[in-house]
Amino acid sequence: MRTTLGNLPARRHLPVTGAVHPSDAATRPTTGAPRVPPVPVAPVLDVVVPVYNEEAGLGPGVRRLHAHLVDTFPYPFRITIADNASTDRTPAIAARLAAELPEVESFRLEQKGRGLALRTVWTASDAPVLAYMDVDLSTDLNALLPLVAPLISGHSDLAIGSRLAQSSRVVRGAKREFISRTYNLILRGSLAAHFSDAQCGFKAIRADVAQRLLPMVEDAGWFFDTEMLVLAERAGLRIHEVPVDWIDDPNSSVDLVRTATADLRGVWRVGRALATGRLALDRLRRPFGEDPRDRELPGVPPGLARQLVGFCAIGVLSTVVYLALYFLFRGAMDSQLANALALLLSALGNTAANRRLTFGVRGPARAVRHQAQGLVVFAIGLALTSGSLAALHTAAPHPAHRTELAVLVAANLAATVLRFLLFRAWLFPDRTDQYGRDAGTVPESRADLAAPGDHDGRADRAGQADFDDFDDRDDHDLRSAR
């Protein structure tokens, strides 16, 4: 799959077409004139139903979903059955449903993996809104329109059904309830996730978002959903949650222990990648589309407002750390040495935090150089604060600690303003290239070495760590089948 770097197009409400569903055209009354075949219309919504050995429930589930969409959904739609290498009669039933129902299509994958199925079908789909749900239809279908409506309107980028919302109505056993809530607590504690339900098989995404987000999702199995949501949230995408009514399927073939183990491995992998900066989330530049914070203000350089907010927040924290260190060291040494040591330690942390959070520079490239330049800035700040202390001690040989702190705070305010100007103009100038990437950073992964427009969608097949061999043959086959 090809993907481009940079901002997504602005969110917009998808236009309502005058087209009707093919099934509706067949029921129109005739006046004796020859019936004109309906003109094929590209669907607005593509609902993917991933299946593996579901010969018993596939037919009833798809027919029920189709009937619901025909009756309630105001846009053209498609239902795509994604068969994950089933070994029973599932492929034959899927083909029969596709022949019987005009809005249903089937696609066969020769490899297992729910994430692989979703990635393949979503990548090749021509619908602007993509969704998926489990074939057992455990989720009440009345939540489908509220799920996709924020994506159609342009308000949100992704949408998920939540069984853990306060107004959700859920019927399931204690074992599944415990596993689900424990897993979401792990996500909140380890990956700082804020969405409430990562595993509910009821999600949707805008196609333009998927084109940029999916190439970064490595998992091809059950962890696919979680990884996609974590990356989307970290990139600043808007995730809409819909409370759902959900009834557990007692005949589900999901191996809970194996799935939970794979999910925990995925949590560890993603958490480690986020902690070490290996995930190039700057490729998903925020904001996606229009954002009031991106509006140009007369006389204000681009990005200055957000950099100021980040720098000030880090500066406040650094000042607190600096004062705490100064109090700690002051009891064991004189004020000048305590000030120098406290300022040095806080300056190292301040440079590292501003490098990553305020100015968006990630990876080890030029990190040592940035710290060296930061020490020069530190020396200037030290000269200001030490000079202020020297002037104070000249005027009052034995000043009170409160007086010392007041002078230091004033001197640090002046040093902070100077530090920001030096950071912006000298340490971290605007060095982005034509694609919005930092022109001075070294790519952190093979994915970053590719030129814009040349990122192939690669999948972690059946949980394998190396997914570089994924190609576009499945995409081509799916487009040909349509």
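The values are calculated or read from the model by the stated rules, or taken from the named source; none is laboratory data. Predicted model, so just to flag it, every value in this text is computed and none were measured. Neighbour counts run over all protein chains shown; Cβ positions are idealised from the backbone, glycine included. Note: areas computed on protein heavy atoms with side chains; ligands, DNA, RNA excluded. Shrake-Rupley method; radii C 1.70, N 1.55, O 1.52, S 1.80 Å.
Worth a mention:
- Annotation: Tyr183 fulfils all but one of (1) farther than 19 Å from Val242 by Cβ; (2) without any contact (Cβ under 8 Å) to a residue 24 or more places away in the chain; the unmet one is (2).
- Flag if His393 is more than 48 Å from the chain's Cα centre (by Cα) and assigned to a helix (DSSP H, G or I): yes
- Residues in the stretch 143-161 that are part of a helix (DSSP H, G or I) and touching a helix residue (DSSP H, G or I) at 6+ places or on another chain (Cβ under 8 Å) were compared, and the one that is least open to solvent (accessible area, probe 1.4 Å) is Leu144.
- When Ala220 is tested against (1) within 27 Å of Ser138 (Cα to Cα); (2) free of Cβ contacts under 8 Å to residues at least 40 places away in the same chain; (3) hydrophobic (A, V, I, L, M, F, W, C), just one condition goes unmet, and that condition is (2).
- Residue match in the stretch 71-78 (condition: surrounded by 23 or more Cβ atoms within 10 Å (Cβ to Cβ), of a type outside the set (Phe, Trp, Tyr), in contact (Cβ under 8 Å) with a residue 60 or more places away in the chain and within 15 Å of Val47 (Cβ to Cβ)): no
- A single entry from Ala204, Ala198 fulfils the requirement of being touching a His at 6+ places or on another chain (Cβ under 9 Å) and crowded, with 23+ Cβ neighbours inside 10 Å: Ala204.
- Glu103 vs. criteria crowded, with 17+ Cβ neighbours inside 10 Å and acidic (Asp, Glu): yes
- Candidates Val20, Val47, Val36: the one that is of a type outside the set (S, T, N, Q) and modelled with pLDDT of 95 or more is Val47.
- Residue in the stretch 333-351 that is more than 16 Å from Phe423 (Cβ to Cβ), among the β-branched types (Val, Ile, Thr) and assigned to a helix (DSSP H, G or I) present: no
- Test: residue in the stretch 311-333 that is farther than 14 Å from Val409 by Cβ, open to solvent by 60 Å² or more (accessible area, probe 1.4 Å) and either acidic (Asp, Glu) or at pLDDT below 80 (or both): no
- On the stretch given as the stretch 377-408, residues that are in contact with a Leu (Cβ under 8 Å, 6 or more places away or on another chain) and without any contact (Cβ under 8 Å) to a residue 60 or more places away in the chain total 12.
- Search result, residues across the stretch 43-66 that are open to solvent by less than 10 Å² (accessible area, probe 1.4 Å) and part of a strand (DSSP E or B): Leu45, Asp46, Val47, Val48, Val49, Val51
- The set of residues in the stretch 366-382 that are open to solvent by less than 20 Å² (accessible area, probe 1.4 Å) and either assigned to a loop (DSSP other than H, G, I, E, B) or closer than 14 Å to Ala411 by Cβ (or both) contains only Gly381.
- Filtering Ser386, Ser445 for residues that are open to solvent by less than 50 Å² (accessible area, probe 1.4 Å), at pLDDT below 85 and over 38 Å from the mean Cα position of the chain (by Cα) leaves a single hit, Ser386.
- Enumeration of residues in the stretch 410-428 that are among the β-branched types (Val, Ile, Thr) and exposed (fewer than 13 other Cβ atoms within 10 Å of the Cβ): Val417
- Of all residues assigned to the stretch 247-255, at least one qualifies as being modelled with pLDDT of 75 or more and open to solvent by 30 Å² or more (accessible area, probe 1.4 Å).
- Here Leu421 clears all of (1) part of a helix (DSSP H, G or I); (2) more than 29 Å from Arg330 (Cα to Cα); (3) at pLDDT below 80 except the condition numbered (3).
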